[in-house]
1. Is it the case that some residue within the range 139-153 is buried (at least 22 other Cβ atoms within 10 Å of the Cβ), on the phi < 0 side of the Ramachandran plot and not in a strand (DSSP E or B)?
2. Pick out, from the range 31-107, the strands (runs of 3 or more DSSP E) lying fully within it that include 2 or more residues that are more than 20 Å from the chain's Cα centre (by Cα) and surrounded by fewer than 17 Cβ atoms within 10 Å (Cβ to Cβ).
3. Filter the range 215-230 down to the residues that are in contact with a strand residue (DSSP E or B) (Cβ under 8 Å, 6 or more places away or on another chain) and part of a loop (DSSP other than H, G, I, E, B), then identify the one that is farthest from residue 71 (Cα to Cα).
4. I'd like the full set of residues that are in contact with a strand residue (DSSP E or B) (Cβ under 7 Å, 6 or more places away or on another chain) and either surrounded by fewer than 17 Cβ atoms within 10 Å (Cβ to Cβ) or assigned to a strand (DSSP E or B) (or both), limited to the range 118-138.
5. For residue 194, which of the numbered conditions (1) closer than 19 Å to residue 318 by Cα; (2) modelled with pLDDT of 95 or more fails to hold?
6. Among the residues of the range 324-346, which ones are surrounded by 22 or more Cβ atoms within 10 Å (Cβ to Cβ) and modelled with pLDDT of 95 or more?
7. Output the number of the condition that residue 122 fails; it satisfies all remaining conditions of (1) more than 30 Å from residue 212 (Cα to Cα); (2) more than 18 Å from the chain's Cα centre (by Cα).
């Protein structure tokens, strides 16, 4: 594999930020962390004309195309966000144990947005805004609450005073967010109690000859269960010669993406065939599925993003949930109301998600059977609705019937007696 650095990651660094130093400035809302959640809130505050002074403090010095966010389209995003969709797949594939299932949906395609495109678009909107500001290369060292109200935020770029704080930073070290290697393999304290970790490492590649079918996304393919958990290959083919290929592990064990390097490299080599290919970029992360959320600080100090409930517990999908929260929170701020936390999951969905993770953690050897059962027994649109929290009351019985009965009944009874 030949590593190169091309495309959006070079473009992003050319945009200047509005503020170089804080120098004791004041703002209404301080957003700590300018990733998906922080920039989503900025975007909705600007487009909704909330008129609330917002300052975003982001530790990274520059933005790169480091993520791919995916979802099934239920027309929840519009305008500029809809225009960011890089590709739509009306077909998606599952395979494992010699079986394969293809779902097809005309109404709800599977969509991908490159994080770099999102970062670029929102930062351009911020540059043109009078009320929303972004400071990059700004590590937050401490947040202190005044007794008479308000906060002071100590950063490496000076201090910022504000009325409200929205902390969107992930509850784990940077090496879990990006591609930085880590010598320590101990689970971070804030992730203790997480039932399942979704760990993935991926390469976006360009091949010298056609290798891919851009009409079909490989959602969960070559599924295998072993002592570490469930392994599978996830591939997003953009053209016949370009694709994002990821190797994914669902496991009760804490790992970091670099530990999947050999398996990912082998998958890339097999899918690209004997022809030459170039690695355009890498991405990887650890998603804590079913993360135990800690109570917020209260009184205008809000936790958002992954640490606030952005991740769907049973799937790890977060982009649409984040957009829903950001739109609602921006509307509340614009109306003079307190900032809103992430919406709590409905009781049925929450219970099904927790039961699903319970079975997955206790019976990892049944994982492939569980996912293939859903693929085989749910129509494509029903599956998409469940994944995007759009299920109707008729869908839930179908989802339950699609699962293998014995392990779910066993864990259901165990939960009833508290075991």
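The values are calculated or read from the model by the stated rules, or taken from the named source; none is laboratory data. Keep in mind it's a predicted model, so treat the numbers as computed, not measured. Cβ placement follows ideal geometry from the backbone for every residue including glycine, while neighbour counts extend to all protein chains displayed.
1. no
2. Working: elements: 54-57, 68-72, 85-89, 91-96, 99-104.
Answer list for the range 31-107: 99-104.
3. Start the filter on the range 215-230 by keeping residues that are in contact with a strand residue (DSSP E or B) (Cβ under 8 Å, 6 or more places away or on another chain), which leaves 215-225, 228-230.
Cutting the leftovers down to part of a loop (DSSP other than H, G, I, E, B) gives us 215, 228.
On the way: 215: 16, 228: 27 Å.
Selected residue: 228.
4. Restricting attention to the range 118-138, the residues satisfying the condition of being in contact with a strand residue (DSSP E or B) (Cβ under 7 Å, 6 or more places away or on another chain) are 123, 126, 131-135, 138.
Within the range 118-138, 132, 133, 134, 135 qualify.
5. The failed condition is (2).
6. Of the range 324-346, the ones surrounded by 22 or more Cβ atoms within 10 Å (Cβ to Cβ) are 325-326, 329-330, 333, 342.
If the condition is that a residue be surrounded by 22 or more Cβ atoms within 10 Å (Cβ to Cβ) and modelled with pLDDT of 95 or more, then 325, 326, 329, 330, 333 are the ones that fit.
7. (2)
Here is a yes/no grid of residues against (1) in the same structural domain as residue 356 (by TED's automatic domain parsing); (2) part of a helix (DSSP H, G or I); (3) under 22 Å from residue 69 (Cβ atoms):
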| position | (1), (2), (3) |
| --- | --- |
| 268 | no, yes, yes |
| 282 | no, no, yes |
| 298 | no, no, no |
| 306 | no, yes, yes |
| 314 | no, no, yes |
| 317 | no, no, yes |
| 320 | no, yes, yes |
| 328 | no, yes, yes |
